[in-house]
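Structure, as structure tokens:
A short reminder: the numbers here are calculations on the coordinates, not readings from a lab. Being a predicted model, the structure only gives us computed values, none of them experimental. When we count neighbours, we look across all protein chains shown, and the Cβ atoms used for this are built from the backbone with ideal geometry, even at glycine.
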Amino acid sequence: MPDHAPQPVDRQLPTDEGRDLISLVRDIAQREIAPRAAEEEDAGRFPREVFTLLSETGLLGLPYDSEYGGGDQPYEVYLQVLEELAAARLTVGLGVSVHTLACHALADFGTKEQKVEHLPAMLGGGLLGAYCLSEPASGSDAASLRTKAVREDDGSWSLTGTKAWITHGGVADFCTVLARSGGEGPRGITAFLVPGDAEGLSAAAPEKKMGMKGSPTAQVHFDGVRVPDGRRLGEEGQGFAIALSALDSGRLGIAACAIGLAQAALDEAVAYATGRSQFGRPISDFQGLRFMLADMATQIEAGRALYLAAARLRDAGRRFSRQAAMAKLLCTDTAMKVTTDAVQVLGGYGYTADFPVERYMREAKVLQIVEGTNQIQRMVIARHLVGPESR
Ligand SMILES: Cc1cc2nc3c(=O)[nH]c(=O)nc-3n(C[C@H](O)[C@H](O)[C@H](O)COP(=O)(O)OP(=O)(O)OC[C@H]3O[C@@H](n4cnc5c(N)ncnc54)[C@H](O)[C@@H]3O)c2cc1C
């Protein structure tokens, strides 16, 4: 291997346990995830068995309390694990991030009894989660959601409506669902934990997407789905605050996935540029490409530093929502830029499915859209700077 062949990222980790986790994840990624990524993405195959393996290995509950089967890991470690998974295959990294997001409402707002009953199976019992906030007519304006939660005479709830764009829609074992139990606006929303096989719950055919074809994204229909009050998470009307709290942490997951994807693209670009010759020299000799690679590497390091700074604030119990929005914005824009530049470095070959960079470029686009588009991240950041809009 030449000296300049891409090396594994030299990570700063706070503990030996964190270092061991990264080694374990790299091993799983190299053996079980990366080798099948291109073929399965092409075929639109969801690697459910990989998620079962990650669950059995303790990698589906890393940032949660070990009392309920979690891994007790700081976000600083959990996010770097996500980065490694996303570098191997975005469908897996993003899937773990969404699963973690789906566990947030119960882990942070559930009662002790609810956590004892449901959380161990979610964090390490092989179950896979979905987070159901978006709807066909309510995306960025999530507080306008219309799925109804009606209280029945026996005290249970009946959920009716359609959720849209649900990652793991149709394959999830449980869904964290935001529904309207009261009047208009954010205060009328309540969170529920709904089993994936509940009567009246069904999923449409997966969307035909530009990328991440192995990750099922589908509408989920609720047709009078009965949910006991014991599966209500938090107080009535607290659902939107719970959803936003989950998204603050989830955005850090998206940021880490974006940097993993960008790193994978840079590694491909470096390997190609040092192996390909034109004009009698490796193309990596040409300053035009050297500067491009240098910029790509610099943007990745900056993104990693920003998401880790936000994670360390979170781990210290400090406020981090402004930094999470900044990290999501910068890291996903970086992934888009770096993957596009990687295609350029590979020239015509970069535009073919013989190399993974065209897939990385298609995959990067979705990261600028999910969990709040990058316009919405700018709105969040601006509100922290100059307060809410005056209208
Ligand atoms: C592959 C995929 C997976 C997803 N997974 C999930 C999931 O698991 N769970 C879930 O709940 N949702 C999920 N989503 C939905 C995602 O969060 C939404 O697509 C996103 O929030 C944007 O909503 P929208 O698509 O309705 O766009 P819209 O809100 O209609 O926005 C359209 C455009 O208008 C812009 N815009 C809107 N409002 C403003 C404003 N005030 N100022 C400036 N610009 C604005 C947006 O930035 C965007 O460019 C997923 C989406 C995709 C594509």
Rounded to the nearest 10 degrees, the helix 34-43 long axis (Cα) sits at an angle to the longest Cα principal axis of the chain of 70 degrees
Fewest-first ordering of Lys112, Lys365 by Cβ atoms within 10 Å yields Lys112, Lys365
Taking Cα atoms, the helix 287-315 axis meets the longest principal axis of the chain at an angle in degrees (rounded to 10) of 30 degrees
Rounded to the nearest 10, the angle in degrees between the Cα long axis of helix 112-124 and the longest principal axis of the Cα atoms of the chain comes to 30 degrees
In order over the stretch 262-270: 3J(HN,Hα) from phi, Karplus 6.51/-1.76/1.60, θ = phi - 60°, whole Hz, x for each Gly or Pro, gives 5, 4, 4, 5, 4, 4, 5, 5, 5
Within the stretch 24-94, DSSP-loop trypsin sites (Lys or Arg not before Pro) with at most 16 other C-beta atoms within 10 Å are Arg45
Filtering GluC sites (Glu not before Pro) in the stretch 290-391 by DSSP loop and by at most 13 other Cβ atoms within 10 Å leaves Glu389
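May I ask you to derive the relative contact order of the stretch 262-347, considering only C-alpha pairs under 8 Å and at least 6 residues apart, and to give it as an integer percent? Provide the component values of the computation, followed by the final result.
Working: 71 pairs, mean separation 35.6, N = 86.
This gives 41 percent for the stretch 262-347.
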Highest GNM mean-square fluctuation among Gly58, Gly183, Gly260, for the chain with Cα springs under 10 Å, belongs to Gly183
Long-range amide H partners of Tyr64, meaning residues 5 or more apart or on another chain whose placed amide H is closer than 5 Å, are Gly71, Asp72, Gln73
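Please rank Thr162, Thr352, Thr52, Thr91, fewest neighbouring Cβ atoms within 10 Å first, as an exposure proxy.
Values: Thr162 17, Thr352 11, Thr52 14, Thr91 26.
By the 10 Å Cβ count, ascending: Thr352, Thr52, Thr162, Thr91.
Taking the Cβ of each residue in Thr332, Thr167 as the centre, tally the other Cβ atoms inside 10 Å and list the residues starting with the fewest.
Numbers: Thr332 30, Thr167 25.
Exposure proxy ranking, most exposed first: Thr167, Thr332.
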In whole angstrom, the spacing between the Cα centers of the stretch 44-67 and the stretch 358-390 equals 27 Å
